[in-house]
Amino acid sequence: MKTYMQSIGTDFVVEEGHNSGDKDFTGGILACKDAGCDVVIGWTHAAEAAVIARQYVEMGMQNVPFLGCPTWGNGSFYDLVEEQYVDGTYIAGDFALTNASPVASAYYEAYKTKFGKDADAMSTYWYDGTMMALDAMDRAKELTREGVLEAIKTIGVERELELTCGKVVMNGIDSVHQMLIGKNKGKVFEVIDVVTEEVK
């Protein structure tokens, strides 16, 4: 993220890390506040994200836009945080129950019918990963480890593959897919825009 921001001429003025299980993020938040950051970006897991969200507001930072990773739009995060601490935060993610794509909507409906609860990010990641593996096995010249690996490298190239995260194309060993940009309205990730990237 830092490298990308610098490449487009955006100042990256504060970088703070933390350990899993940390409970105090006030030092990092204060560093952002003192630096006069225009926006703060957070990338972490649900337990730590809930603490960050609360301390961010408690330290008077709610008027500085906060962009969270997919965690900020996931049920496991919402379960740990009060609405007042998440409302108005922005999200860059690949999962949202408000994603209106036909593939995502069909998956969410099928999941709720089968399990009696809403899908979450992890279930969609496992689903999409399984569908990618099945696509590769179907196209592999031979069903061997090497044959499937070679087919994985061309997912979305030989034939289109659209999953809950959008159209997927492999770029070497990395998958490229759309990104949902949105904002939390209460504890609901409302999609504002969908960003796609061409594989070069």
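General observations
- In order through region 19-29: 3J(HN,Hα) via Karplus (6.51 cos²θ - 1.76 cosθ + 1.60), integer Hz, x for Gly, Pro: 9, 4, x, 4, 10, 10, 10, 5, x, x, 5
- Amide H within-cut-off set for Gly68, under 5 Å, with H built and near neighbours excluded: Gly42, Tyr90, Ile91, Ala92
- For Leu143, Leu161, the sequence from fewest to most other C-beta atoms within 10 Å is Leu143, Leu161.
- Lys pairs under 24 Å by Cα in region 102-176, provided they are eight or more residues apart or on distinct chains: 4
- For Leu143, neighbours were defined as the other residues whose beta-carbon sits under 14 Å from its Cβ, and their charges (Lys and Arg +1, Asp and Glu -1) total -2.
- Per-selection metrics, region 102-176 (Cα): Rg and Dmax in Å: 13.5, 39
- Dividing the mean sequence gap of close Cα pairs (under 8 Å, 6+ apart) by how many residues the chain holds gives a relative contact order of 17 percent.
- Translational diffusion of the chain, µm² s⁻¹ [Kirkwood Rh, Cα pairs; Stokes-Einstein; 37 °C; 0.692 mPa s]: 177
- Within the chain, antiparallel bridges make up roughly 75 percent of the DSSP beta bridges whose residues both belong there.
- With loop membership from DSSP and a limit of 16 other Cβ atoms within 10 Å, the longest segment of the chain without GluC sites (Glu not before Pro) is 17-81.
Any read-out appearing in this document is the output of simple, stated calculations on the displayed coordinates, not a laboratory observation. Everything numeric here is computed off the predicted structure, so don't read it as measured data. So basically every Cβ, Gly included, is an ideal-geometry build from the backbone, and we count neighbours across all protein chains shown.
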